[in-house]
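Here the structure comes first, spelled out in structure tokens, and everything after it is commentary.
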Amino acid sequence: MAATGSRPKLAVWKFASCDGCQLSILDLEDELLMLAEEIEIAYFMEASRATVEGPYDLSLVEGSVTTAADAERIREVRRVSRRLVTIGACATAGGIQALRNFADVGEFVSAVYASPSYISTLETSTPISENVSVDYELHGCPIDKRQLLEVISAFLAQRAPAIPSYSVCVECKRRGNVCVTVAHGTPCLGPVTHAGCGALCPAHDRGCYGCFGPMETPNTASLSAWTRGLGAETSDLIRAYRSFNANAPAFRAASELEEGR
């Protein structure tokens, strides 16, 4: 916390990402105005070019580390941050760009860019926690703004965030959703995915895509077997696990297990 009588300084940083989690912060709207009374938004380039020098009491980091410059910069961010919280799938698991971790990044670069020689990038996309120590990880693609408010409130109150660790299935039950897998045979990652979206996709008769990453104790082996029983092919399962959170340990292990069949 900041010294008595002064507001704690908040900084928001961007690395390799789509900016969706930062937009979720801006989407707080009225809550953001109230938050500004309790905490000084000292560095947030998505919102303002005006900045205040660190050190910062709390840093929110969006995005993964994909270049040597990223790796150097995140170490500096960590140095000037008393508390560092990663937000979103990119920062917590490497993001959709971590699909490069399963392939030859050189082939991707050659296929996408007219002049690959100008591109300087790492072979992998890694979460922030693989580069510096992290105080808390908030999952989601993008993050849920209510969960973000809880994390910031917990910081201000000097307590642990009360973020649920159960799966999307619990959210489905609370909404009264009919299980899309049981009722319709639709493949769904809900049983192994961290809650936070409010069961958005199942509420619209679609299977969960795993946007919030693996839940605390995911039984991916059981889910894979069940999904295969519905007629899914190995390639379908690999594709399901390799999306927004492809590099999250539980999803990565599940996809690699399928790939080895």
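The values are calculated or read from the model by the stated rules, or taken from the named source; none is laboratory data. None of the values given here were measured: they were computed from a predicted structure. In this analysis, Cβ positions are derived from the backbone assuming ideal geometry, glycine residues included, and neighbour counts consider all displayed protein chains.
Worth pointing out:
- Some residue of the stretch 24-47 being under 30 Å from Tyr241 (Cβ atoms), within 13 Å of the chain's Cα centre (by Cα) and not in a loop (DSSP other than H, G, I, E, B): yes
- Evaluated against (1) within 20 Å of Leu99 (Cβ to Cβ); (2) loosely packed, with under 15 Cβ neighbours inside 10 Å, Val192 falls short on exactly one condition, (2).
- Candidates Val85, Val77, Val61, filtered to the one that is assigned to a helix (DSSP H, G or I), buried (at least 18 other Cβ atoms within 10 Å of the Cβ) and not assigned by TED's automatic domain parsing to the domain that holds Ser243: Val77
- Of all residues in the stretch 40-64, those being touching a helix residue (DSSP H, G or I) at 6+ places or on another chain (Cβ under 7 Å) and farther than 20 Å from Glu76 by Cα number 1.
- Subset of the stretch 25-76 [polar (S, T, N, Q) and in contact (Cβ under 8 Å) with a residue 12 or more places away in the chain]: Ser59, Ser64, Thr66, Thr67
- On the stretch given as the stretch 192-219, residues that are outside any loop (DSSP other than H, G, I, E, B), of a type outside the set (S, T, N, Q) and closer than 15 Å to Ala248 by Cβ total 3.
- Checked against (1) at pLDDT 95 or above; (2) over 18 Å from the mean Cα position of the chain (by Cα); (3) polar (S, T, N, Q), Ser6 meets all criteria but (1).
- Filter result for the condition that a residue is free of Cβ contacts under 8 Å to residues at least 12 places away in the same chain and either within 23 Å of Asp236 (Cβ to Cβ) or out of contact with any strand residue (DSSP E or B) (no Cβ under 6 Å at 6 or more places or on another chain) (or both), over Ala162, Ala183: Ala183
- Here Thr193 clears all of (1) more than 19 Å from Ala232 (Cα to Cα); (2) under 15 Å from the mean Cα position of the chain (by Cα) except the condition numbered (1).
- Within the stretch 100-133, the residues that satisfy the criterion of being of a type in the set (Gly, Ala, Ser) and either assigned by TED's automatic domain parsing to the domain that holds Asn245 or touching a residue at least 24 places away in the same chain (Cβ under 8 Å) (or both) are Ser120, Ser125, Ser129, Ser133.
- Selection count where residues are in contact with a helix residue (DSSP H, G or I) (Cβ under 8 Å, 6 or more places away or on another chain) and part of a loop (DSSP other than H, G, I, E, B), scope the stretch 233-261: 8
- Residue in the stretch 131-152 that is assigned to a helix (DSSP H, G or I) and farther than 16 Å from Cys21 by Cβ present: no
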